[in-house]
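To start, the structure under review is shown below, and the notes come after it.
The values are calculated or read from the model by the stated rules, or taken from the named source; none is laboratory data. Since this is a predicted model, take the numbers as computed values, not measurements. Cβ atoms come from the backbone with ideal geometry, glycine included; neighbour counts cover every protein chain shown.
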Amino acid sequence: MISTPVSLPEWFRHRGWAPFPFQEELWEAWSRGESGLLHAPTGSGKTLAVWGGALRDGRPAEGRLRYLWLTPLRALARDTVAQLEAPLEALGLDWSVGLRTGDTSSHRRQRQRTHPPTALVTTPESLSVLLSYADAQRWFGGLRGIVVDEWHELMGSKRGTQTELGLARLRRWNPGVPTWGVSATLGNLDEALETLTGGAGGRIVQGPERPPPELETLLPDDAGRFPWAGHLGLQLVPRVLDRLDGGGSTLLFTNTRSQAELWHRALADARPEWVEAGELGLHHGSVERERRLEVEDALRAGTIRCVVCTSSLDLGVDFPAVDRVIQVGSPKGIGRLLQRAGRSGHTPDGRSRILCVPTHAFEIVEFHAVRRGLARGRVEPRRPLEQPLDVLAQHLVTVALGGGFRAPEMLDEVRTTHAYRHLSETEWGWVLDFVTRGGSALQAYPRYHKVLADDEGIHRVPDRRVARQHRMSIGTITSDAQLRVRYLKGKTLGRVEEAFLARLRPGETFLFAGRTLRLVRIREMTAWVRRVRSRTASVPRWMGGRLPLSTELGAEVLETLAGSGAGRESTQTGPDRTAAGTNGTRGGPMAELEALAPLLEIQGRWSGLPTPDRLLVERTETREGAHLFVYPFLGRLVHEGMATILAWRFSQAEPRSIEYSVNDYGFELVSDEPLVPLHGWGPLLSPEGLVAHLLEAVNAAELARRQFREIARVAGLVFPGYPGSGKSDRQLQASSGLLFDVLARYDPDNLLLTQARREVLEGELNLRRLRRGLETLQSRAVDERVTPRLTPLAFPLWADRLHARVSSESWRDRVARMVEHLERSVEAGE
Amino acid sequence: MKLTWKGEALELRPERVLHWPRERTLFLADLHLGKAALFRDRGLAVPDGAEADDLARLRRVAHLTGARRLVILGDLVHGAGGWTPEVVEAFAALGAGQRGSPEQGEAERLRVWLVPGNHDRPDGPPPAELGIERVEEGMRLGPFRLRHADDGTRDGVICGHEHPVVVLRGRGDRLRMPCFVVDERRLLLPAFGTFTGGQRVRRSGGRRIFGVGEGSVLAI
């Protein structure tokens, strides 16, 4: 205990640290009242770097809220509070740090209202709720600094837009308040800064440069026999176990929750003693919060050997005890691998290490491509959203509750955000009309008014019931209806999407939270289960599980293939040299290419290898019909659009039925007769007429109807209900699909419908990337090959399409037969 | 779509009603009148128009078929406060249009029966001036039993409550429509109201599904 207060640099010295130059740069800038963005990876002292700016100021709090700290994850908030509190006493600061999330008890919330902490750690949703209280201005009016942690994570989503609007409000009450964001590596840091500060700009402080992480790829013993498709990768479990046996703490990342369940099961089966000793954990977004916290505590204490996890542990404070990170399956993006590798990094040389476990042969290419991208410093950008009107509608009601607003001033404030900087008078007028009178279609109903302008022209919410309802529904993240999974004895295990459980009948078993469970019954949003010993069980498939390959990584994959020369890496390829020490060793870049060589050799011999300037197209015929394979390497979402467009354009030339399937490398079209371009490939792949053809080809109305689900909730068109109130609000339940139909018919000019259509084009159909993709293809020469059988690139597409169509049992049989057949062809030297 | 069931010739109509020509009777269920208004009262911006269209459709089908009896199998209104002035007025207009002039005899009057549904109960009886006659759940009419919700056992049940819809999938396409579901024992009606959700029904042995599309009824 230090009795006399010390200065911040002294405090650092006491702990045996020296402030980094970037920390001092940020403190100085903060003192001058500047705003900005700190670019720093996790575990680099970023929290202190930013908090130091406030600490140096050190003025007494005078019983008011002075600092606001926003974080995307509740789980992070808890640890952040501890980090912010740590130096206070030594520095002799009589400050308090408060926590406010959806989990905070109402008692504590009440106390915060009357006795604000000096610094408050909270989430964007909770900030919105705080802004909706009538005394919000008084409460937030004395801010001296705002920090947005993990800004890269928030920025690209509606939660990011919600944050932008919240910050605009706080800036109005606290003009010029220093605002600092913290971001991991992004391809568009400048845009991230603009978005954070509402166009005011600021300083980008560069955190410590870290050497790129060291990648090691776990290569199968016989790459030639390694599967060409699939996504579980359990073949390499024994090899992974070898590493885990060595001790230490490991984070094992998978890409989906289903895959996490399966890996956890496989490891538990092989090492039951670890389960007994509590050394094996499972952590993903559906596991009950209490269980997750247990795992996190064990990680912090270093008492756990391995945690199988998903992106649920991508972010957050460091677990210093973690000394190894394993990535199962391709990370699909360079930034994601960087983030995950950074979860370890306490090696003496400060370099983080990650072990990459491919689940099928081509993932070795992807790991190699990530390695190349990292060496060149190529990382994906994340784009902030443009003008989502649903978020604005929600925010206007929030502000109307939180003291009210005058329309012209509010428009000015909204336009200071990056998202709404181009908001037109018409759009503003529509949103205002929507929250006051429900839009043009409701004008005949005087009883409807959510927000009402009073005599002085201040917009407020007069109805207390509406107010309560609105606070309940604040938040922009939507998900499917979730059922709680609970033992008959009472313990809750977590939540699973209703869509999965609806397919199960009582008595059937499934794998969840690392246990095999038998469904007993479903009643009132709870699935009651019993634990069983059975080995066979289905695994829940969660929605939105699969991430598409990023454009950047796709380009690196193509270049890798081009440079491979069917196995021979050109000696001039610079990037790999940077990974010097490991270059020739097992699991290094050369070993990856060696492992790939047989596969690429077959691909090259049977067909060809795609390159950045050559678009590979393959044709082959089977009993099923004529197959056409195209490999642009632009990621699954873009391929989905391309396949749709191409199928439509072929069928316009000649009516016929075409089936298709897509993956991250390309797509397949199947028809009875060969699909031959009548006027060359040019017009088929042209970006001309893209939107019109796309709208003709897909049922855009149906897609927009699905997209409307989220919009309707955010904009306050549907009411999610009070927690625990069960059926009492049944009368207010309407599906968003039904609302979409009613609006489309009786209020066709509703801009929320326009937004749904736009989100479908931009989001689901990925119009911007699709157009750019087609433009890219214009510059590639089409290399058309007729192949005698399915090539290594074609096989996964074929298998996936089959999977979608037939029952899983017969699918497995057919794929196994096919693999055997293809292998025989290889052995026969064809 | 004509159908013989329990020995009676029936007609499944695209207006989402069941027509029994011999008795000049129409059956319908689940109008949920006042639902949109209830939403608006609670600050949820749902436009109207659906309700007016529903009532217009009801008038039209009553006129076209020359029906003299309208059997509403429950959930006429949506909930507390469902009998809004708009609804009362609209419903009164429906009755007036069909009741004919005072010179016409009692036989020509359109009688409206209501089997109360779960949504009707909190509101007490509909306003007396509408002349709606309440009948008990399970009442017999010819070979039929009139119910709001199926009891799962009795024979010849005509009912609503479930809001059945059927989903058809094509290549990249998906079509969802209300439907009639008919099996040996019961005949389930689609929800008459447009602003009502639905429960998906699947095909299974011994059950026939008739989807209601734009102006026609299709056997699925």
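Worth pointing out:
- Single residue of the range A:665-695 satisfying the filter (acidic (Asp, Glu) and at pLDDT 90 or above) that is farthest from the chain's Cα centre (by Cα): A:Glu688
- Restricted to the range A:21-48, and to residues there that are farther than 17 Å from A:Arg144 by Cβ and hydrophobic (A, V, I, L, M, F, W, C), the residue that is farthest from the chain's Cα centre (by Cα) is A:Phe22.
- Screening the range A:713-830 for helices (runs of 4 or more DSSP H) wholly inside it with 2 or more residues that are surrounded by 16 or more Cβ atoms within 10 Å (Cβ to Cβ), at pLDDT 80 or above and within 14 Å of chain B (Cβ to nearest Cβ) returns the ranges A:736-746, A:751-759.
- Apart from one condition, A:Phe253 fits all of (1) out of contact with any Lys or Arg (no Cβ under 6 Å at 6 or more places or on another chain); (2) surrounded by 22 or more Cβ atoms within 10 Å (Cβ to Cβ); the exception is (1).
- Residue in the range A:597-607 that is over 29 Å from the mean Cα position of the chain (by Cα), at pLDDT 90 or above and not in a helix (DSSP H, G or I) present: yes
- Selection count, the range A:181-216, where residues are hydrophobic (A, V, I, L, M, F, W, C), in a loop (DSSP other than H, G, I, E, B) and over 20 Å from A:Glu552 (Cα atoms): 1
- Of the residues examined, A:Arg382 is not one that is assigned to a loop (DSSP other than H, G, I, E, B), at negative phi and touching a strand residue (DSSP E or B) at 6+ places or on another chain (Cβ under 6 Å).
- Single residue of the range A:193-218 satisfying the filter (in contact with a helix residue (DSSP H, G or I) (Cβ under 7 Å, 6 or more places away or on another chain) and closer than 19 Å to A:Leu68 by Cβ) that is surrounded by the fewest Cβ atoms within 10 Å (Cβ to Cβ): A:Gly202
- Of the candidates B:Ala45, B:Ala50, B:Ala36, B:Ala80, the single residue that is surrounded by fewer than 22 Cβ atoms within 10 Å (Cβ to Cβ), within 14 Å of another protein chain (Cβ to nearest Cβ) and at pLDDT 75 or above is B:Ala50.
- Filtered residue count, the range A:511-544, keeping only those that are in a loop (DSSP other than H, G, I, E, B) and either modelled with pLDDT under 75 or of a type outside the set (Val, Ile, Thr) (or both): 15
- Per-region count, the range A:297-311, residues buried (at least 21 other Cβ atoms within 10 Å of the Cβ) and not β-branched (Val, Ile, Thr): 4
- Filter result for B:Val181 (away from every other protein chain (no Cβ under 14 Å), assigned to a strand (DSSP E or B) and surrounded by 14 or more Cβ atoms within 10 Å (Cβ to Cβ)): yes
- Candidate set: the range A:546-565, residues that are touching a Leu at 6+ places or on another chain (Cβ under 8 Å) and farther than 14 Å from A:Glu363 by Cα; chosen: the one surrounded by the fewest Cβ atoms within 10 Å (Cβ to Cβ): A:Ala562
- Considering only residues in the range A:440-463 that are at pLDDT 85 or above and not in a loop (DSSP other than H, G, I, E, B), the one that is farthest from the other protein chains (Cβ to nearest Cβ) turns out to be A:Ala453.
- In the range A:632-650, the residues that are within 14 Å of chain B (Cβ to nearest Cβ) and farther than 15 Å from A:Arg772 by Cβ form Cβ pairs under 8 Å with partners that are in a helix (DSSP H, G or I) and modelled with pLDDT of 90 or more, at six or more places apart or across chains, as follows: A:Leu646/A:Leu684; A:Phe650/A:Leu684.
- The one condition in (1) among the small types (Gly, Ala, Ser); (2) buried (at least 22 other Cβ atoms within 10 Å of the Cβ); (3) free of Cβ contacts under 8 Å to residues at least 60 places away in the same chain that A:Ser31 fails to fulfil: (2)
- Residue match in the range A:386-407 (condition: within 14 Å of another protein chain (Cβ to nearest Cβ) and at pLDDT below 90): no
- Scanning the range A:703-712 for residues that are buried (at least 24 other Cβ atoms within 10 Å of the Cβ) and among the small types (Gly, Ala, Ser) yields a count of 1.
- B:Asp30 satisfies every condition listed in (1) at pLDDT 90 or above; (2) more than 14 Å from chain A (Cβ to nearest Cβ); (3) under 22 Å from B:His163 (Cβ atoms) except (2).
- Taken over the range A:408-439, the criterion of being of a type in the set (S, T, N, Q) and part of a helix (DSSP H, G or I) is satisfied by A:Thr426, A:Thr436.
- Taking the range B:140-169 as the range and being over 30 Å from B:Glu86 (Cβ atoms) and not in a loop (DSSP other than H, G, I, E, B) as the test, the residues that pass are B:Arg140, B:Leu141, B:Phe144, B:Arg145, B:Val157, B:Val166, B:Val167, B:Leu168, B:Arg169.
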